[in-house]
Amino acid sequence: MKIINKENYSQRWASIQDNLGTAFAELGARTGNKSHFYESVKFYNAALEVFSIKNNPQLWASTQNNLANVYAQMGDFTSDVDQLEKALVAYNNSLKARDSISDPKSWAITKQNIGSLYLTLSKLKSDTQLLHNAINAFTLANKVFISINDKENSALVYTNLGLAFFHIARDTSYIKYIDKANSSYQKALNIIEKEKKQCIGRQFKMG
């Protein structure tokens with residue numbers, strides 16, 4: 001009988017730690033129990049003791065992304081700036097091993113998550129600059145979503161852009177940001193309406 005441990009089967013051991021991190025993250029999301037999130041963070045960090053950006057770039061990036069998701073959930077549940085900033089660090093770490101060419105969707109989703117974090121942090125810290133950071137992240141993400149024809153995520157990004165522009169308008173009283181917010185919301189609606197019509201059309205063709 002083989003005993004899997006960090007010393008003898010490091011890669012397999014790390015994968016198990018990563019899977020345990022995911023299991024506890026899901027438990028935390030379902031139950032709202034913070035202790036499950038802390039367990040998840042512990043297991044992901046254990047996996048990162050083995051996975052490295054040099055030797056396991058994709059696994060390392062995936063685990064960093066998973067860790068960021070947990071920190072973000074913890075921060076959302078408790079409005080904890082520290083946890084949200086840890087999420088930001090982990091998301092940015094994951095991008096060190098990902099790029100918009102070889103893994104465009106994962107890269108763009110991570111950028112989208114970064115934008116969402118900046119949006120949340122801007123409210124908690126009352127910092128308008130973070131809204132501009134959010135807009136930059138959303139814009140970069142959307143360029144990729146458009147290039148790979150990911151309409152669902154593109155519509156979500158336009159909605160978030162509208163929200164960011166609206167908050168800047170509220171904080172600065174600049175009318176141009178209201179116009180940008182309205183334009184972003186309209187683009188999101190246009191995508192949704194177009195997809196809805198195409199869906200109805202496909203249903204009629206199938207019938």
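The values are calculated or read from the model by the stated rules, or taken from the named source; none is laboratory data. Note that the structure is a prediction, hence the values are computed from the model and not measured. Note: ideal-geometry Cβ built from the backbone for every residue, glycine included; neighbour counts use all protein chains shown.
Laid out as a table, the results:
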| read-out | value |
| --- | --- |
| Contacts under 6 angstrom Cβ, first residue in segment 8-35 being free of Cβ contacts under 8 Å to residues at least 40 places away in the same chain, partner crowded, with 17+ Cβ neighbours inside 10 Å and in a helix (DSSP H, G or I), 6 or more apart | Gln17/Phe43; Gln17/Ala46; Gln17/Ala47; Leu20/Phe43; Phe24/His36; Phe24/Glu39; Phe24/Ser40; Leu27/His36 |
| Test for Asp82: is it surrounded by fewer than 22 Cβ atoms within 10 Å (Cβ to Cβ), modelled with pLDDT under 95 and among the charged types (D, E, K, R) | no |
| Any hit, segment 65-75, residues being within 26 Å of Ile146 (Cα to Cα), among the hydroxyl-bearing types (Ser, Thr, Tyr), in contact with a helix residue (DSSP H, G or I) (Cβ under 7 Å, 6 or more places away or on another chain) and surrounded by 20 or more Cβ atoms within 10 Å (Cβ to Cβ) | no |
| Condition check for Ser94: of a type in the set (Ser, Thr, Tyr), within 19 Å of Tyr185 (Cβ to Cβ) and surrounded by 19 or more Cβ atoms within 10 Å (Cβ to Cβ) | no |
| Among residues of segment 123-141, those that are touching a residue at least 24 places away in the same chain (Cβ under 8 Å) and either hydrophobic (A, V, I, L, M, F, W, C) or surrounded by 21 or more Cβ atoms within 10 Å (Cβ to Cβ) (or both), counted | 8 |
| Selection within segment 164-207 - surrounded by 13 or more Cβ atoms within 10 Å (Cβ to Cβ), among the aromatic types (Phe, Trp, Tyr) and at pLDDT below 80 | Tyr174 |
| Selection count, segment 12-38, where residues are among the polar types (S, T, N, Q), surrounded by 13 or more Cβ atoms within 10 Å (Cβ to Cβ) and over 20 Å from the mean Cα position of the chain (by Cα) | 3 |
| Helices (runs of 4 or more DSSP H) fully within segment 6-86 counting 2 or more residues that are among the aromatic types (Phe, Trp, Tyr) and touching a Pro at 6+ places or on another chain (Cβ under 7 Å) | none |
| Selected residue [over 30 Å from Gln64 (Cβ atoms) and not basic (Lys, Arg)] from Thr120, Thr172 | Thr172 |
| Extreme residue, farthest from the chain's Cα centre (by Cα), among residues of segment 39-85 that are closer than 18 Å to Arg98 by Cα and of a type in the set (Phe, Trp, Tyr) | Phe51 |
| Test: residue in segment 106-122 that is over 14 Å from the mean Cα position of the chain (by Cα), surrounded by fewer than 20 Cβ atoms within 10 Å (Cβ to Cβ) and in contact (Cβ under 8 Å) with a residue 12 or more places away in the chain | no |
| Residue ID - modelled with the lowest pLDDT, chosen from residues in segment 15-35 that are over 24 Å from Asn56 (Cα atoms) and not hydrophobic (A, V, I, L, M, F, W, C) | Gly32 |
